[in-house]
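Here the structure is laid out as structure tokens; the discussion comes afterwards.
The values are calculated or read from the model by the stated rules, or taken from the named source; none is laboratory data. What you are looking at is a predicted structure, and each value in this text was computed from that prediction instead of being measured. Note: ideal-geometry Cβ built from the backbone for every residue, glycine included; neighbour counts use all protein chains shown. These area figures cover heavy atoms from the full protein model, side chains too; ligands, DNA and RNA do not enter into them. Shrake-Rupley method; radii C 1.70, N 1.55, O 1.52, S 1.80 Å.
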Amino acid sequence: MTSYGHWIDGSWHTPEKGHYPVVNPATEKVVGEAPEATPAEVARAVTAARAAQDGWSRTPPRERAAVLDRVADLITERGEELARLLQAETGATTRVTSALQVPVAADRFRRYARGAVEPAVVPLAPCPVADGPLAPGGLIGAAAVRRPVGVVGCITSYNFPVVNLAGKVAPALAMGNAVVAKPAPQDPLSCLELGPLLREAGLPDGVFNVITGTGSAAGEALVSHPGIDMVSFTGSTAVGKKIAESAGRSMKRTLMELGGKGAAIVLGDADEKALKSAVGAVGSVWSFHSGQICTAPTRVLVHRSLYEKVVTALTHYAGRLTIGDPVDNSTIVGPLISAAQRDRVEAYIAEARAQGARIAAGGARPDIAPGFYAAPTLIVDARPDMTVAREELFGPVVVAIAFEDEDEAVRIANGTSYGLHDYVFSADSARAWALAARLRSGNVGINTAQRHPDTPFGGFKESGIGRDGGSFALHAYSELQSVVWTS
């Protein structure tokens, strides 16, 4: 078992307040010990980042790209070792860890190696301007130029720790920013491992720093520090609001990817192909990291003519899933991240029962010990106003609701405070396209739960502010500067 220090200015630093244990959600055994940060240690990391940022911003883009490419190579080379640690601290299944944790993190660094050399200058057409009281007229040239924001505080969620952090750090570094990262307290060890790896790749000391802690003190110190120019946060809406309030006091830039309550709308014209896609997409709530994903279609809204058919198919789907040890290759559904999260999910299910909903599948804790397991659960005959149909659970729970027509489906889908990712399933893609325009959601999948890597990602309403993904992330981690000159 390893006891980690904070990664600050290119080296490990022994924590002043000691360590806390990181627990394997499947075995309930301690994986390692993470450092508990003090505000002074956070300040030390910010100071290191500020000192390093100017030099990194003036590093030629091709040299920044080479470093990020090398990071991707090292992640791939160390993939097996990193995957073992990720699986131990997240409880993700072998399938999820091997396909969607390490490889995707490497892909993101490689993508933003290319991003580092994307054009940062948008030339504007010369404009004839008349003489004025400020300056003589003439033919005025101009350009809009993307500049680094400065020092970015990156605060990440527990479901995909390295992937999530890579999605922030890679575009931030590509644009010439420095980073102070604070991973989620439940599984920060693999993120700490990135410190020496980035240094080995050639990143200058101080450009990437990692501090961790169990409570809110470290995150609050990071967000409020005057040396932080931008906060990039992925996590719950409740925490995001607190961060936005704190950041707003000093007008820090923010990028917020917050909660979701995705709706999968199955229209009455859905044929067998569309229905199969819908059942597979909704079933991913159970089979993909135990529903611990913000984009999950946790509400399935079905035209009444197809409701019983879809409910029957989903009930069979849930019943076929293997729950158990995530290290076992046959396991589809692993544990939730903690006992507290398991208890929270179970409380939502109990409340749904009390409010009159019916449990068609799951609903009871699996007879598996140790581990923080929750059964794939399908809640049917639910009303849109029920708590379980409105709030993000972050667990393997799907709520099924019938609707009569498109107008009702749109009202239900838009009827929560969230707007991150919705889905439409129909035999008529043009009809689905038109319906997507009525959904207050940052992302809409038509007959698929697949993502496109270069699309802008973010949410409407309380699901967030701003967009990352593809070249849009380069805009998110930069400021536009207008430069004007006389011809």
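Would you say Gly262 is open to solvent by less than 10 Å² (accessible area, probe 1.4 Å) and touching a helix residue (DSSP H, G or I) at 6+ places or on another chain (Cβ under 8 Å)?
Values: open to solvent by less than 10 Å² (accessible area, probe 1.4 Å): yes; touching a helix residue (DSSP H, G or I) at 6+ places or on another chain (Cβ under 8 Å): no.
The answer is no for Gly262.
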task = Say whether the condition of being β-branched (Val, Ile, Thr), modelled with pLDDT of 95 or more, open to solvent by 40 Å² or more (accessible area, probe 1.4 Å) and not in a strand (DSSP E or B) is met by at least one residue in region 160-170.
result = no
Pairing a residue in region 327-351 that is modelled with pLDDT under 95 with any residue that is open to solvent by 30 Å² or more (accessible area, probe 1.4 Å) and not in a loop (DSSP other than H, G, I, E, B), where Cβ atoms lie under 6 Å and the two sit 6 or more apart in sequence or on different chains, gives Asn329/Thr94
Here the residues within region 283-314 that are within 20 Å of Gly459 (Cα to Cα) and open to solvent by 10 Å² or more (accessible area, probe 1.4 Å) are Ile293, Cys294, Thr295, Thr298
Region 31-102: helices (runs of 4 or more DSSP H) wholly inside it with 3 or more residues that are touching a His at 6+ places or on another chain (Cβ under 8 Å) and within 20 Å of Val210 (Cβ to Cβ) are 39-57
When (1) under 25 Å from Trp12 (Cα atoms); (2) open to solvent by less than 10 Å² (accessible area, probe 1.4 Å) are applied to Val67, the one that fails is (2)
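I'd like the full set of residues that are open to solvent by less than 70 Å² (accessible area, probe 1.4 Å) and part of a strand (DSSP E or B), limited to region 1-29. Let's see the steps before the verdict.
First, pick out the residues of region 1-29 that are open to solvent by less than 70 Å² (accessible area, probe 1.4 Å): 3-8, 10-11, 13, 15, 18, 20, 22-27.
Passing the criteria: Ser3, His6, Trp7, Ile8, Ser11, His13, Tyr20, Val22, Val23.
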Taking first residues from region 133-152 that are under 30 Å from Leu222 (Cα atoms) and second residues anywhere that are surrounded by fewer than 14 Cβ atoms within 10 Å (Cβ to Cβ) and of a type outside the set (A, V, I, L, M, F, W, C), the pairs with Cβ under 6 Å that are 6 or more apart or on different chains are Val145/Gln481; Arg147/Gln481
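Out of everything in region 426-449 that is within 21 Å of Gly466 (Cα to Cα) and in a loop (DSSP other than H, G, I, E, B), what residue ends up being most open to solvent (accessible area, probe 1.4 Å)? Full working, then the answer.
We begin by selecting, within region 426-449, every residue within 21 Å of Gly466 (Cα to Cα); these are 436-445.
Checking the rest, the ones that are also in a loop (DSSP other than H, G, I, E, B) come to 437-442.
Values: Ala437: 88, Arg438: 100, Leu439: 6, Arg440: 128, Ser441: 9, Gly442: 24 Å².
Only one residue fits best here, namely Arg440.
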Sole miss for Ala318 among (1) touching a strand residue (DSSP E or B) at 6+ places or on another chain (Cβ under 7 Å); (2) surrounded by 15 or more Cβ atoms within 10 Å (Cβ to Cβ); (3) over 30 Å from Asp269 (Cβ atoms) is condition (3)
Does region 124-145 contain at least one residue that is modelled with pLDDT under 95, surrounded by fewer than 24 Cβ atoms within 10 Å (Cβ to Cβ) and at positive phi?
yes
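Does Ser190 qualify as being open to solvent by less than 10 Å² (accessible area, probe 1.4 Å), over 19 Å from Ser478 (Cα atoms) and of a type in the set (Ser, Thr, Tyr)? Spell out the reasoning first.
On the way: open to solvent by less than 10 Å² (accessible area, probe 1.4 Å): yes; over 19 Å from Ser478 (Cα atoms): yes; of a type in the set (Ser, Thr, Tyr): yes.
The answer is yes for Ser190.
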Checked region 463-482 for anything closer than 20 Å to Gly150 by Cβ, open to solvent by less than 50 Å² (accessible area, probe 1.4 Å) and in a strand (DSSP E or B); matches are Asp468, Ser478
Among strands (runs of 3 or more DSSP E) entirely inside region 249-303, those with 2 or more residues being more than 20 Å from Met386 (Cβ to Cβ) and of a type in the set (D, E, K, R) are 253-257
Across (1) surrounded by fewer than 23 Cβ atoms within 10 Å (Cβ to Cβ); (2) charged (D, E, K, R); (3) within 20 Å of the chain's Cα centre (by Cα), Glu81 clears everything bar (3)
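Conditions tested, residue by residue: (1) part of a loop (DSSP other than H, G, I, E, B); (2) surrounded by fewer than 21 Cβ atoms within 10 Å (Cβ to Cβ); (3) among the small types (Gly, Ala, Ser).
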| position | (1), (2), (3) |
| --- | --- |
| Cys154 | no, no, no |
| Pro185 | yes, yes, no |
| Asp205 | yes, yes, no |
| Asn209 | no, no, no |
| Gly213 | yes, no, yes |
| Ala218 | no, no, yes |
| Pro226 | yes, yes, no |
| Phe233 | no, no, no |
Report whether or not Gly334 is farther than 29 Å from Val410 by Cβ, under 26 Å from the mean Cα position of the chain (by Cα) and buried (at least 18 other Cβ atoms within 10 Å of the Cβ). yes
Taking the condition within 22 Å of the chain's Cα centre (by Cα) and under 24 Å from Gly248 (Cα atoms), does His452 pass?
no
